[in-house]
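Colleague: Questions regarding the structure given below will be posed in turn.
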Number of protein chains: 2
Amino acid sequence: MSQGYTVAIVGATGAVGQKIIEKLVERSFPYKTLKLLASKKSAGKQVEVDGSSYTIEEATPEAFEGVDVAFFSAGGSISKVLAKEASNRGAIVIDNTSAFRMDKDTPLVVPEVNKQALHEQTGIIANPNCSTIQMVCALEPIRQKFGLTKVIVSTYQAVSGAGAAAINELTTQSEGIKDKQAKPEILPVKSAEKHYPIAGNVIPQIDVFTEDGFTFEEHKMMDETKKIMSLPNLAIAATCVRVPVVTGHSESVYVEVDQENVSIDQLKQLLANSEGITLQDAPDQQFYPMPYYADGKDDVFVGRLRKDPSNDKGFHMWIVSDNLLKGAALNSIQIAEALIAEGILKEV
Amino acid sequence: MSQGYTVAIVGATGAVGQKIIEKLVERSFPYKTLKLLASKKSAGKQVEVDGSSYTIEEATPEAFEGVDVAFFSAGGSISKVLAKEASNRGAIVIDNTSAFRMDKDTPLVVPEVNKQALHEQTGIIANPNCSTIQMVCALEPIRQKFGLTKVIVSTYQAVSGAGAAAINELTTQSEGIKDKQAKPEILPVKSAEKHYPIAGNVIPQIDVFTEDGFTFEEHKMMDETKKIMSLPNLAIAATCVRVPVVTGHSESVYVEVDQENVSIDQLKQLLANSEGITLQDAPDQQFYPMPYYADGKDDVFVGRLRKDPSNDKGFHMWIVSDNLLKGAALNSIQIAEALIAEGILKEV
C-alpha cells in the first residue's frame, strides 16, 4: 500500500469534510494516507477511517508538506490564508469555498461540464456553489444540443448548506412548530443582525445582500454559471430561498433554448442519457424529484419537464440534488479524479 | 337589529368557513342573521359567534330560503350540487371552490382588480384560487401603469391550502423530522395513489396532473390570472410547489412590462400606494415578506424587487400572503362588500 496520493482534508470535522472522507473511501480514491486537518480546538482527536485510525492535526502551513491533493472546506477565510501555502508546497488545492471562484486564474469546475478547464490550473481549483453545480449539470447537455439563451431560477435550498448549527436550529424549531416558540440565532446568515425562524417558514435570503438587491448567493448562481459554461452573455437571473428541509436543494428552472420545435420527448431523452443526471419524470405516476429522497444520493435528479405555454423555445424543469454530495463533497472528489484521468495529477 | 342581510356559510366547520365567520364579525359585515351550514354529521352542533349562539344546520336546498348571500367553502362537489339551488332561491352565491371559476357566465373576482365584473353576475360569483389572488393583487397595478406581457411564477405553498388534515400531517411529521418516520396519507393529493412526506421535504405537485405535464393548480394560476385581468393572451407559466409551512403562500415572480426604463424606485412607489398591498422591501435591513409573519394578516406583502440583469423590461419580486385570508375568506367577504358598494346587493 505504498502507492497512491497523500490527501489532506481541511475542515475534516465539518459536515462537508466528513462527506469528503466518506466518499473518498466509498469511491476507492487512490490515497496512500490522509491528513485530517481542522482548527486547533479539534487537533488531537482520533478518527477512524475505513479501519485505520487518524489523529486530527491543526491546519498550519507546514501541515501541507508532502501533500498531493488538499480538499479545503473550512470557510473562505481559512482558504484565503492556507490555500496558497498548500499549493506553494506542491499540493493541488480543491477549494469548496467562494474564496477563489471568480478569480480569473482559478478554474471553476464541474467535471461533467468543463473538465478541460482543469488544464489551466495553477495550483488552486474552485468547487462551485452547491446550487450552481446541480443546475449546470442539467443545463450543459441542453446547451450542447439545443443552445441556451436564458435562465430564470427560483431555489428551495436546504439548511445543511448553512452548516450543522442550522440543521440543529431547524430540528429544534420543528419540534415546537405548533406553538411558534422558535428562537432563531443562525439563519438566514449567522453574522447578520436579524435572524428568522426556518421551521414553518421560508426565508428569501441566502448570504448577504448586494447593492443591486440580489443576494451574494444569487450572484454566485448567476456569475458562476456564466464562468463554468463559458457563456459570459447568458441572460440569467436567480432568486434564492431557504426552506425547512435538512438536505437537498430544489430548483424551479425556466430555460430558453436557441432552436425551434424542440419537443419534451427530445429533452427527456437527452437528459436521461446525460452523465450524472437521473431523469425522474412520470407525472402520471406522481414521479418527480424531491429532496427527501435525493438526500444521500450522488445524482442530479431532473423532472417536471414542460414546454412553456407561450414560447416554443421555453421550457420549465425541476432539479433536485444532495447539496452536501454533488453540491460539495462529491464534486470535489470528481475534480480530483478528473485531475488523475487528465494526467494533471501524476500517478504515484 | 332587524336590518342587515341573512348570510349563509356552507362549510361553516372547515378552516376557511371558520375564517369567514371570524372576518364577518371583525369587519362588521351588516348581517342580520347567520345560517351556519355543514354536512349532516355536524348538524345540531352549537357554535358561539360574537356572543350569539347558532346551531349548525345541514346544507340542504331548502336551507337557502330567505338567504341573501351564501358563502360556499365545502368543496367543489357540494358547490356543484347546491350553489344553483341557493341562487334559484334568491341568494347571491360567493363560491370559494374551483367549480365555476372558468365558466364564462361566472365572474371571477378580486375586488382590487376587477370589481366591475360583479355587474355581470347571474347568481354565482367565484372566488379565485389562493395562489392566484395574491399574485394578481401585485400584478394589476403594474399592468395599469407599465403594461404586462409575461409572467413566470414559482410558488412555495403552505399546507393549510390542503385542509386541516394536511396541517396535522405536517405538525405530526415535524416532531419526528430527525428520524424520518413520516407516514404520509394526505399530501400531495388525498385522493391520489401516492403520498409523500412534507416535513423536511418540498413536493412539486399541488392538485392532480393534466396531460401537458402542468398540474391543475398550475393551470388555475395561469387560466384564472388571464380571466381576472382580462388578458387572454398574457404569456404566463406557473410551477406550484408545496413546502412545509402551515399558513402563508410565497411566490417568486418574474414579470415583463411593456414600457422601457421603468426603475425599481418607480415600481416600489407604485406598489407602496396600491390597495391591499404592503411593500416590505429594505434588503439593507433584511426586510422582506415571509409566511411566518404574514400568517393572520389581511394584506398581500411584496418585496425583493429587482430589475432583471439582462432585460430592461424584466423584474423579479417576492409575494407572500395568508392563503386562508386574502387567499380565501377575506377575498370572499370583500366580494360581498363590493356587491353592496356597487348596489348589486340591495340594502335591506
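Colleague: How far apart, in nm, are two points set 7 Å out from the Cα along the Cα-to-Cβ line at B:Gln285 and at A:Glu175?
Modeller: According to this spin-label approximation, the distance is 3.5 nm.
Colleague: Rank A:Phe100, B:Phe71, B:Leu279 by how far each Cα sits towards the positive end of the charge dipole of the protein assembly as shown (+1 on Lys, Arg Cβ; -1 on Asp, Glu Cβ) and give me just the farthest.
Modeller: After comparing all options, I get B:Phe71.
Colleague: Let me ask something additional. Would you please classify the overall shape of chain A from the alpha carbon gyration tensor, given that a ≥ b ≥ c denote the square roots of the eigenvalues, rounded means a/c under 1.5, and beyond that prolate means a/b larger than b/c while oblate covers the rest?
Modeller: On the way: a/c = 1.74, a/b = 1.27, b/c = 1.38.
It is oblate, given that a/c is not under 1.5 and a/b is not larger than b/c.
Colleague: Pull out a ≥ b ≥ c, the square roots of the eigenvalues of the alpha-carbon gyration tensor of segment B:132-322, then state rounded if a/c is under 1.5, prolate if not and a/b is larger than b/c, and oblate in the remaining case.
Modeller: Judged from the Cα gyration tensor, segment B:132-322 comes out prolate (a/c at least 1.5, a/b above b/c).
Colleague: Name the aspartates and glutamates eligible as straight-distance cross-link partners of A:Lys227: C-alpha to C-alpha under 13 Å, and not fewer than 8 places from it in the same chain.
Modeller: Filter leaves A:Asp103, A:Asp105, A:Glu140.
Colleague: Can you tell me the FRET efficiency between A:Ser39 and A:Asn168 if r is taken as the Cβ-Cβ distance and R0 is 22 Å, rounded to the nearest 0.05?
Modeller: 0.70
Colleague: Additional query: On a 0 to 90 degree scale, rounded to 10, what angle separates helix A:164-175 from the longest Cα axis of chain A?
Modeller: Tilt relative to chain A: about 50 degrees.
Colleague: Let me check I've understood the local charge: for A:Leu305, count other residues with C-beta under 9 angstrom from its C-beta, Lys and Arg +1, Asp and Glu -1. What total comes out?
Modeller: Here the charged neighbours net out to +3.
Colleague: For B:Ala192 and A:Glu26, what does the FRET efficiency come to when R0 = 30 Å and r is the distance between their Cβ atoms, rounded to the nearest 0.05?
Modeller: Computed FRET efficiency for B:Ala192 and A:Glu26 comes out at 0.25.
Colleague: What does the charge add up to near B:Thr149, with Lys and Arg as +1, Asp and Glu as -1, over the other residues with Cβ less than 11 Å from its Cβ?
Modeller: +1
Colleague: Any idea what the dipole of the protein assembly as shown comes to, in debye rounded to 20, about its Cα centre with Lys/Arg Cβ at +1 and Asp/Glu Cβ at -1?
Modeller: It works out to roughly 500 debye.
Colleague: Still on this model: Return the distance in nm (one decimal) between the two label points of a simple spin-label model at A:Thr55 and A:Lys104, each offset 7 Å from Cα along Cα→Cβ.
Modeller: The modelled label-to-label distance comes out at 4.6 nm.
Colleague: Counting only Cα, what are the radius of gyration and maximum Cα-Cα distance Dmax of the protein assembly as shown, in Å?
Modeller: When restricted to the Cα atoms of the protein assembly as shown, Rg and Dmax are 27.5, 97 Å.
Colleague: What percent does the relative contact order of chain B come to when contacts are Cα pairs within less than 8 Å and at least six residues apart?
Modeller: Averaging sequence separation for qualifying contacts and normalising by length gives 17 percent for chain B.
Colleague: Tell me the net charge near B:Thr239. Cut-off is 14 Å between Cβ atoms, B:Thr239 excluded, with +1 for each Lys or Arg and -1 for each Asp or Glu.
Modeller: Charge balance in the 14 Å sphere: -3.
Colleague: Here is a follow-up. Shortest first, in nm, what separates the label point of B:Glu275 from those of the same position in the other copies (7 Å along Cα→Cβ)?
Modeller: 5.9
Colleague: Further, regarding this structure: What lysines sit close enough to B:Lys45 to cross-link, taking a C-alpha to C-alpha distance under 20 Å and skipping anything fewer than 8 places away on the same chain?
Modeller: Qualifying lysines at Cα under 20 Å: B:Lys19, B:Lys35.
Colleague: Identify, among A:Ser174, A:Pro291, A:Ala91, the residue whose Cα sits farthest towards the positive end of the charge dipole of chain A, taking +1 on the Cβ of Lys and Arg and -1 on the Cβ of Asp and Glu, with the dipole about the Cα centre.
Modeller: The residue sitting most towards the positive pole is A:Ser174.
Colleague: List every residue whose amide H lies under 5 Å from the amide H of B:Ile124, counting only residues 5 or more places away in sequence or on a different chain, with H placed 1.01 Å from N in the peptide plane.
Modeller: For B:Ile124, whose amide H was placed from the backbone, the distant partners under 5 Å are B:Val93.
Colleague: Using 25 Å as the Cα-Cα cut-off, could you pick out the over-long pairs in A:Lys23/A:Lys145; A:Lys190/A:Lys220; B:Lys40/B:Lys190; A:Lys194/B:Lys268; A:Lys115/A:Lys226; A:Lys23/A:Lys194?
Modeller: Pairs exceeding the cut-off: A:Lys23/A:Lys145; A:Lys23/A:Lys194.
Colleague: Using the Cα centre as the reference, give the magnitude of the dipole from point charges on the C-beta atoms of segment A:90-164 (Lys, Arg: +1; Asp, Glu: -1; all else neutral), rounded to the nearest 20 debye.
Modeller: 280
Colleague: For segment A:74-120 and segment B:275-313, compute the distance between their C-alpha centroids and round to whole Å.
Modeller: Here the answer is 37 Å between Cα centres.
Colleague: Right, something else. Projecting each Cα onto the charge dipole of the protein assembly as shown (Lys/Arg +1, Asp/Glu -1 at the beta carbon, about the Cα centre), which of B:Pro204, A:Ala238, A:Val202 comes out farthest on the positive side?
Modeller: Positive-most Cα among the choices belongs to A:Val202.
Colleague: To the nearest 20 debye, what is the magnitude of the charge dipole of segment B:132-322 about its Cα centre, counting +1 on the Cβ of each Lys and Arg and -1 on the Cβ of each Asp and Glu? Present the calculation step by step, with values, prior to reporting the outcome.
Modeller: On the way: 18 positive and 27 negative charges, 39 e Å.
The dipole of segment B:132-322 has a size of about 180 debye.
Colleague: Give me the accessible area buried between chains A and B, both sides summed, with a 1.4 Å probe, in Å² rounded to the nearest 100.
Modeller: 5500
Colleague: Here's a follow-up. Gaussian network model of chain B, Cα springs within a sub-10 Å range: biggest mean-square fluctuation belongs to which of B:Ala165, B:Ala294, B:Ala338?
Modeller: It is B:Ala165.
Colleague: Would you kindly work out, in nm and rounded to one decimal, the distances from the label point of A:Asn88 to those of the same position in each other copy, ordered shortest first, with label points 7 Å along Cα-to-Cβ?
Modeller: 9.0
Colleague: Sticking with this structure for a sec: What are the nm distances, shortest first, from A:Lys183 to its equivalents in the other copies, labels at 7 Å along Cα→Cβ?
Modeller: Taking the point 7 Å beyond Cα along Cα→Cβ, the inter-copy spacings are 3.4 nm.
Colleague: A further question follows. Could you order A:Val348, B:Val10 by accessible surface area, starting with the largest, using a probe radius of 1.4 Å? Provide the component values of the computation, followed by the final result.
Modeller: Values: A:Val348 85, B:Val10 0 Å².
In descending accessible area the options line up as A:Val348, B:Val10.
Colleague: Between helix A:76-88 and chain A, what is the angle of the helix's C-alpha long axis to the longest principal axis, kept within 0 to 90° and rounded to the nearest 10?
Modeller: Helix A:76-88 and the main axis of chain A meet at about 60 degrees.
Colleague: Just how far, in whole angstrom, is segment B:134-213 from segment A:1-52 if you go by their alpha carbon centroids?
Modeller: 41
Colleague: Can you work out the FRET efficiency for the pair B:Gln116 and B:Gln266, with r the C-beta to C-beta distance and R0 = 25 Å, to the nearest 0.05?
Modeller: Calculated transfer efficiency: 0.45.
The values are calculated or read from the model by the stated rules, or taken from the named source; none is laboratory data. Since the structure is predicted, the reported quantities are computational estimates derived from the model, not experimental observations. Cβ sites come from the backbone with ideal geometry, for glycine too, and all protein chains shown count toward neighbours. Accessible surface areas use protein heavy atoms only, side chains included; no ligands, DNA or RNA. Shrake-Rupley method; radii C 1.70, N 1.55, O 1.52, S 1.80 Å.
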